[in-house]
Amino acid sequence: MAPNQKLYQRIADEIAAKIASGVYQPGTRLPAERDLAEQFEVSRPTIREAMIALEIRGLVGARKGSGIYVSTTPLDTGLITPELDVGAFELIEARTLFESEAAALAAATIDAPQLAELRALLGEMEQQGDTDAAFEADKRFHIAIAAASGNSLIVSVIEMLWAVREQSPLCVHMFARARRKGVTPRANEHELIVDALAQRDPQLARDAMRAHLRRVTDDLLDATKLELMEKAEADFAEQLRRVDARKAV
């Protein structure tokens, strides 16, 4: 693996190389997600990110109820595109590590004005629904917890992770899919985090943050799966339309 190359990038590149060498022929079905995870000894979310990266590059596509297939007219597999940066699952894994501990630290030091700020941001999330303002309130909420930890380096790290979420094209791509599927910031989960902080209970705050970010991962898994299925259904519908059009000739 090249220096600084992400794990899912390596998987995507290896599968792309197999497509180029003919191991996976155009039009053939790739192994199931579970089998690929075992083959490469990685998690299924990593495989999901690799599949989306390959889809972006035009190398694979989904077929309804069947799986992921090699495109019949694949693009240049030697082309390494810049969007293969950081995937959403990798990002959430890092966020879980840092933000859970930040919440635990904040539980020991948070004061009344900081709790009031978090509750105000909760209100914004509840009121704004599926708007940019709600997502911005979500970001400010998490950074405010980092600030309540009293550690400026933790704040810098968490701000950097949120910057990656907004700047990595693959990350943006995956979160946009989730948003199209109706995934919005869950105010109730954030409220559980605030309640744990208000109780000054580090372990409860840590667990609440972990549970919240685990749910974000689940939402992304569902959204990306649904997106692939819907793309396959759209392709299938287009094929039927073409067949019907030929029948009419």
Across (1) surrounded by 14 or more Cβ atoms within 10 Å (Cβ to Cβ); (2) out of contact with any Gly (no Cβ under 8 Å at 6 or more places or on another chain); (3) over 25 Å from residue 178 (Cβ atoms); (4) modelled with pLDDT under 85, residue 3 clears everything bar (1)
Given the structure, is residue 165 in contact with a Phe, Trp or Tyr (Cβ under 8 Å, 6 or more places away or on another chain) and either surrounded by fewer than 16 Cβ atoms within 10 Å (Cβ to Cβ) or closer than 19 Å to residue 53 by Cα (or both)?
yes
Criterion first (farther than 21 Å from residue 45 by Cβ, assigned to a helix (DSSP H, G or I) and either touching a residue at least 60 places away in the same chain (Cβ under 8 Å) or touching a His at 6+ places or on another chain (Cβ under 7 Å) (or both)) does residue 135 satisfy it?
no
Check whether at least one residue in the stretch 9-21 is more than 22 Å from the chain's Cα centre (by Cα) and open to solvent by less than 30 Å² (accessible area, probe 1.4 Å), and report yes or no.
yes
Out of 142, 173, report the one residue that is touching a residue at least 24 places away in the same chain (Cβ under 8 Å), out of contact with any Phe, Trp or Tyr (no Cβ under 8 Å at 6 or more places or on another chain) and in a helix (DSSP H, G or I).
173
Pairs only if they're at least six apart or on different chains, beta carbon under 9 angstrom, first in the stretch 27-41 and over 9 Å from residue 68 (Cβ atoms), second open to solvent by 40 Å² or more (accessible area, probe 1.4 Å) and of a type in the set (Ser, Thr, Tyr); list them, first residue then second.
27/72; 37/43
Among (1) touching a Lys or Arg at 6+ places or on another chain (Cβ under 7 Å); (2) modelled with pLDDT of 85 or more; (3) closer than 29 Å to residue 9 by Cβ, residue 171 falls short only on (2)
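The values are calculated or read from the model by the stated rules, or taken from the named source; none is laboratory data. Quick caveat, the model's predicted, so the values are computed rather than measured. Every residue, glycine among them, receives a Cβ derived from its backbone with ideal geometry; neighbour counts consider all protein chains shown. Surface accessibility is based on the protein's heavy atoms, side chains included, excluding ligands, DNA and RNA. Shrake-Rupley method; radii C 1.70, N 1.55, O 1.52, S 1.80 Å.
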